[in-house]
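Here the structure comes first, spelled out in structure tokens, and everything after it is commentary.
The values are calculated or read from the model by the stated rules, or taken from the named source; none is laboratory data. From a predicted model like this one, the values you see are computed outputs, not experimental measurements. Cβ placement follows ideal geometry from the backbone for every residue including glycine, while neighbour counts extend to all protein chains displayed.
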Amino acid sequence: MVNEVNMNTRRHVITIEDPIEFLHTPVKSVVTQRQVGKHTESFASALRSALREAPDVLVVGELRDQETIALALSAAETGVLVFGTLHTNTAAKAVNRIVDAVPEESRDQVRGVLSVLLRGVVAQRLVKRANGDGRVAIMEILLQNWAISNMIRENKTYQIESYLQSVNPAVSGMQAMDMSLAQAVREGLVSLEEALKVTEDPNGLKSLCADVEQEGGS
């Protein structure tokens, strides 16, 4: 995503990583990359410095603590496009992780901010290929709309998964993790057995893959 910004837009991009994994040579954008431990003491201190440099895009390698999350949200409120990563399995859990990282008395405010500022969440699982050669990226994609904003604001993120199961990916651009898994199974990229190891709803996935399961058993 940083490469897309760099190749197609004129922006000031600052990345804060631990460690730096990909080096981005400036093309159309100015890209500054900083590594925690080498160029800065922490994500939070790097964010504080970055906000004084008028960035258009901020990439935070990991939203791991309350201060980093608060600074990232503050940056987004000023109009900066912020990319951040979290160790979660689903889009709903990513939202919950951000909210749960702040003190309880501030959570309603953070939900309100997220309901307005959040543009999207991509949750990724790497699943073993059916032929044993490498892994396949299985993705859950959540995009902001009125329904999603309302679920976040009203503390009803538990409804996000069922909502993603109900939308048409071709129209909404969104998809649930199990829909992505089922598609990979139907295309023969992932075995049903392997898919069942990573899903959080085995019965639901079996239902989505019923036609594949019947073919395998015939």
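Any residue at all in the range 33-44 that is in contact (Cβ under 8 Å) with a residue 12 or more places away in the chain, under 13 Å from Val57 (Cβ atoms) and either outside any helix (DSSP H, G or I) or charged (D, E, K, R) (or both)?
So far as the range 33-44 goes, yes, one or more of its residues are in contact (Cβ under 8 Å) with a residue 12 or more places away in the chain, under 13 Å from Val57 (Cβ atoms) and either outside any helix (DSSP H, G or I) or charged (D, E, K, R) (or both).
As an exercise: evaluate Ala46 against (1) within 23 Å of the chain's Cα centre (by Cα); (2) loosely packed, with under 14 Cβ neighbours inside 10 Å; (3) of a type in the set (Gly, Ala, Ser) and give the number of the one condition it does not meet.
(2)
Anything in the range 58-71 that is surrounded by 21 or more Cβ atoms within 10 Å (Cβ to Cβ) and among the hydrophobic types (A, V, I, L, M, F, W, C)? List them, or say none.
Applying the first criterion (surrounded by 21 or more Cβ atoms within 10 Å (Cβ to Cβ)) to the range 58-71 yields 58-61, 63, 68-69, 71.
Within the range 58-71, Leu58, Val59, Val60, Leu63, Ile69, Leu71 qualify.
So which of Arg97, Arg153 is among the basic types (Lys, Arg) and closer than 30 Å to Leu196 by Cα?
Values: Arg153 fails: closer than 30 Å to Leu196 by Cα.
The match here is Arg97.
Within the range 94-102, does at least one residue satisfy the condition of being surrounded by fewer than 20 Cβ atoms within 10 Å (Cβ to Cβ), touching a strand residue (DSSP E or B) at 6+ places or on another chain (Cβ under 7 Å), among the β-branched types (Val, Ile, Thr) and not in a helix (DSSP H, G or I)?
No: the range 94-102 contains no residue that is surrounded by fewer than 20 Cβ atoms within 10 Å (Cβ to Cβ), touching a strand residue (DSSP E or B) at 6+ places or on another chain (Cβ under 7 Å), among the β-branched types (Val, Ile, Thr) and not in a helix (DSSP H, G or I).
Filtering the range 49-79 down to residues that are in contact with an Asp or Glu (Cβ under 9 Å, 6 or more places away or on another chain) and not in a loop (DSSP other than H, G, I, E, B), which residue is nearest to Asp18 (Cα to Cα)?
Ranking the qualifying residues of the range 49-79, first place goes to Val60.
Test Gln109 against the criterion of being assigned to a strand (DSSP E or B) and either without any contact (Cβ under 8 Å) to a residue 24 or more places away in the chain or farther than 23 Å from Glu21 by Cβ (or both), and give yes or no.
Working: assigned to a strand (DSSP E or B): no; either without any contact (Cβ under 8 Å) to a residue 24 or more places away in the chain or farther than 23 Å from Glu21 by Cβ (or both): yes.
So Gln109 does not fit the description; no.
Can you pull out the residues in the range 51-96 that are among the acidic types (Asp, Glu) and either modelled with pLDDT of 95 or more or in contact with a Leu (Cβ under 9 Å, 6 or more places away or on another chain) (or both)?
Within the range 51-96, the first condition is being among the acidic types (Asp, Glu), and the residues that meet it are 53, 56, 62, 65, 67, 77.
Selection gives Asp56, Glu62, Glu67, Glu77.
Determine the pairs where a residue that is more than 12 Å from Val57 (Cβ to Cβ), located within the range 1-22, has a partner that is surrounded by fewer than 11 Cβ atoms within 10 Å (Cβ to Cβ) with Cβ atoms under 7 Å apart, the partner being 6 or more residues away or on another chain.
Asp18/Gly37
Just to check your reading of the model, which residue among Leu73, Leu47, Leu117 is hydrophobic (A, V, I, L, M, F, W, C) and either in contact (Cβ under 8 Å) with a residue 60 or more places away in the chain or more than 30 Å from Tyr163 (Cα to Cα) (or both)? Quick ask: steps written out before the conclusion?
Details: Leu73 fails: either in contact (Cβ under 8 Å) with a residue 60 or more places away in the chain or more than 30 Å from Tyr163 (Cα to Cα) (or both); Leu117 fails: either in contact (Cβ under 8 Å) with a residue 60 or more places away in the chain or more than 30 Å from Tyr163 (Cα to Cα) (or both).
Of Leu73, Leu47, Leu117, the one residue that is hydrophobic (A, V, I, L, M, F, W, C) and either in contact (Cβ under 8 Å) with a residue 60 or more places away in the chain or more than 30 Å from Tyr163 (Cα to Cα) (or both) is Leu47.
Of everything in the range 147-164, what is hydroxyl-bearing (Ser, Thr, Tyr) and touching a residue at least 40 places away in the same chain (Cβ under 8 Å)? Give them in sequence order. It would help to see each step written out before you state the result.
Of the range 147-164, the ones hydroxyl-bearing (Ser, Thr, Tyr) are 149, 157-158, 162-163.
Once the filter is applied, which keeps residues that are hydroxyl-bearing (Ser, Thr, Tyr) and touching a residue at least 40 places away in the same chain (Cβ under 8 Å), the range 147-164 yields Thr157, Tyr158.
Given the options Arg111, Arg107, Arg129, Arg119, name the one that is among the basic types (Lys, Arg), surrounded by fewer than 17 Cβ atoms within 10 Å (Cβ to Cβ) and in contact with a helix residue (DSSP H, G or I) (Cβ under 8 Å, 6 or more places away or on another chain).
Working: Arg111 fails: surrounded by fewer than 17 Cβ atoms within 10 Å (Cβ to Cβ); Arg129 fails: in contact with a helix residue (DSSP H, G or I) (Cβ under 8 Å, 6 or more places away or on another chain); Arg119 fails: in contact with a helix residue (DSSP H, G or I) (Cβ under 8 Å, 6 or more places away or on another chain).
Only one candidate passes the filter, namely Arg107.
If the requirement is being without any contact (Cβ under 8 Å) to a residue 24 or more places away in the chain and either in contact with a strand residue (DSSP E or B) (Cβ under 8 Å, 6 or more places away or on another chain) or surrounded by 15 or more Cβ atoms within 10 Å (Cβ to Cβ) (or both), which of these qualifies: Gln124, Gln144, Gln175? Working first, answer last.
Numbers: Gln144 fails: without any contact (Cβ under 8 Å) to a residue 24 or more places away in the chain; Gln175 fails: without any contact (Cβ under 8 Å) to a residue 24 or more places away in the chain.
Only one candidate passes the filter, namely Gln124.
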